[in-house]
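Have a look at the structure below before the remarks.
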Amino acid sequence: MKRIVPPPGWLATGPEHIKDVCSVSDCVNDNIVDVQGAWQHNGFGLANSPDVLASLAADAGADVSDTALFYFTAYEREQETDGWTFDPAGWRDRSPARSAPIADNVRLPAPGTSTLLGYDVVVFGDFLEHSPLSCNSIAKGLPVNEHCLFAGLDEAIAAIDAGAFGNGCEEGVYTIFGVYRVR
């Protein structure tokens with residue numbers, strides 16, 4: 001559950017076709033509720049269902065009138081970096097969040113109710129930490145779509161392999177998430 005926002009000032013001077021940011025992390029477009037802070041996150045660092053989000057929002061008295069519901073899928077591989085170098089041969093199986101207090105029991109959206117917006121590259125540790133495309137303005141030099149996301153999974157993988165995130169972005173484990181908007 002997020003608010004879709006226009007590109008922030010530091011990204012607004014980038015590609016003119018970016019009309020909004022739909023990132024996985026909450027650096028640019030905030031999450032309405034903090035499932036990780038509430039210890040309601042699964043091994044992906046996310047809520048298992050919209051019901052969890054709605055309950056946490058109600059408990060917090062959050063205004064959800066202008067929010068959008070997103071669903072994320074995680075690529076099965078990840079790559080660890082020191083923030084400067086990436087190794088195309090360094091892909092490994094994705095590790096679940098070590099702090100996950102609940103099992104992965106994700107309720108999938110009903111068929112035909114979600115739209116793939118693109119793919120985000122995320123620094124993922126014990127929590128979802130950053131989306132360098134928007135957080136570090138890496139999108140300025142890459143072929144991203146109007147949502148500040150890669151159009152395809154292969155494009156995201158190729159950008160990581162080419163070292164596009166090796167210019168001083170956060171160190172950690174990088175993985176790719178498909179970003180879907182649920183109607």
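Let me confirm something: among Gly37, Gly45, which residue is of a type outside the set (Phe, Trp, Tyr) and out of contact with any strand residue (DSSP E or B) (no Cβ under 6 Å at 6 or more places or on another chain)?
Gly37
Does Val144 qualify as being closer than 19 Å to Val5 by Cβ, touching a Phe, Trp or Tyr at 6+ places or on another chain (Cβ under 7 Å) and not in a loop (DSSP other than H, G, I, E, B)? Explain how you work it out, then say what you get.
Values: closer than 19 Å to Val5 by Cβ: yes; touching a Phe, Trp or Tyr at 6+ places or on another chain (Cβ under 7 Å): yes; not in a loop (DSSP other than H, G, I, E, B): no.
Against the criterion (closer than 19 Å to Val5 by Cβ, touching a Phe, Trp or Tyr at 6+ places or on another chain (Cβ under 7 Å) and not in a loop (DSSP other than H, G, I, E, B)), Val144 does not qualify.
Out of Asn31, Asn105, report the one residue that is free of Cβ contacts under 8 Å to residues at least 60 places away in the same chain and closer than 20 Å to Leu128 by Cβ.
Details: Asn105 fails: free of Cβ contacts under 8 Å to residues at least 60 places away in the same chain.
It is Asn31.
Tell me, which residue of region 89-100 that is in a loop (DSSP other than H, G, I, E, B) and charged (D, E, K, R) is surrounded by the most Cβ atoms within 10 Å (Cβ to Cβ)?
First, pick out the residues of region 89-100 that are in a loop (DSSP other than H, G, I, E, B): 89-91, 94-100.
From what's left, charged (D, E, K, R): 94, 98.
Working: Arg94: 17, Arg98: 9.
Here the residue is Arg94.
I need a count of the residues in region 109-136 that are crowded, with 19+ Cβ neighbours inside 10 Å and in a loop (DSSP other than H, G, I, E, B).
2
Looking for whichever is closer than 19 Å to Val122 by Cα, in a loop (DSSP other than H, G, I, E, B) and without any contact (Cβ under 8 Å) to a residue 60 or more places away in the chain here; the options are Ala62, Ala47, Ala38. Which one fits? So that I can check it myself, show each step before the final result.
Working: Ala62 fails: closer than 19 Å to Val122 by Cα; Ala38 fails: closer than 19 Å to Val122 by Cα.
After ruling out the rest, the residue left standing is Ala47.
Filter region 29-79 for residues that are of a type in the set (D, E, K, R) and surrounded by fewer than 16 Cβ atoms within 10 Å (Cβ to Cβ); which is farthest from Ser99 (Cα to Cα)? Spell out the reasoning first.
Quick first cut of region 29-79, residues of a type in the set (D, E, K, R) only: 30, 34, 51, 59, 63, 66, 76-78.
Among the residues that remain, those that are also surrounded by fewer than 16 Cβ atoms within 10 Å (Cβ to Cβ) are: 30, 34, 51, 59, 63, 66, 76-77.
Values: Asp30: 21, Asp34: 15, Asp51: 21, Asp59: 23, Asp63: 28, Asp66: 31, Glu76: 19, Arg77: 19 Å.
Filtering region 29-79 for residues that are of a type in the set (D, E, K, R) and surrounded by fewer than 16 Cβ atoms within 10 Å (Cβ to Cβ), the one farthest from Ser99 (Cα to Cα) comes out as Asp66.
Kindly indicate which of Ala103, Ala156 is crowded, with 18+ Cβ neighbours inside 10 Å and either among the aliphatic types (A, V, I, L, M) or outside any strand (DSSP E or B) (or both). Full working, then the answer.
Values: Ala103 fails: crowded, with 18+ Cβ neighbours inside 10 Å.
Of the residues listed, the single one that is crowded, with 18+ Cβ neighbours inside 10 Å and either among the aliphatic types (A, V, I, L, M) or outside any strand (DSSP E or B) (or both) is Ala156.
Output the number of residues of region 132-154 satisfying the condition of being farther than 17 Å from Thr115 by Cα and among the charged types (D, E, K, R).
Count: 2.
Of these, Asp30, Asp66, Asp87, Asp120, which one is in contact with a helix residue (DSSP H, G or I) (Cβ under 9 Å, 6 or more places away or on another chain) and under 25 Å from His147 (Cα atoms)?
Asp120
So Ala151 clears everything in (1) at pLDDT 90 or above; (2) surrounded by fewer than 24 Cβ atoms within 10 Å (Cβ to Cβ); (3) under 15 Å from the mean Cα position of the chain (by Cα); (4) closer than 22 Å to Val35 by Cβ except one condition, right? Which one?
(4)
The values are calculated or read from the model by the stated rules, or taken from the named source; none is laboratory data. As the structure is a computational prediction, the values presented were derived from the model and not from experiment. Neighbour counts are summed over all protein chains in view; Cβ atoms, including those assigned to glycine, are modelled from backbone coordinates with ideal geometry.
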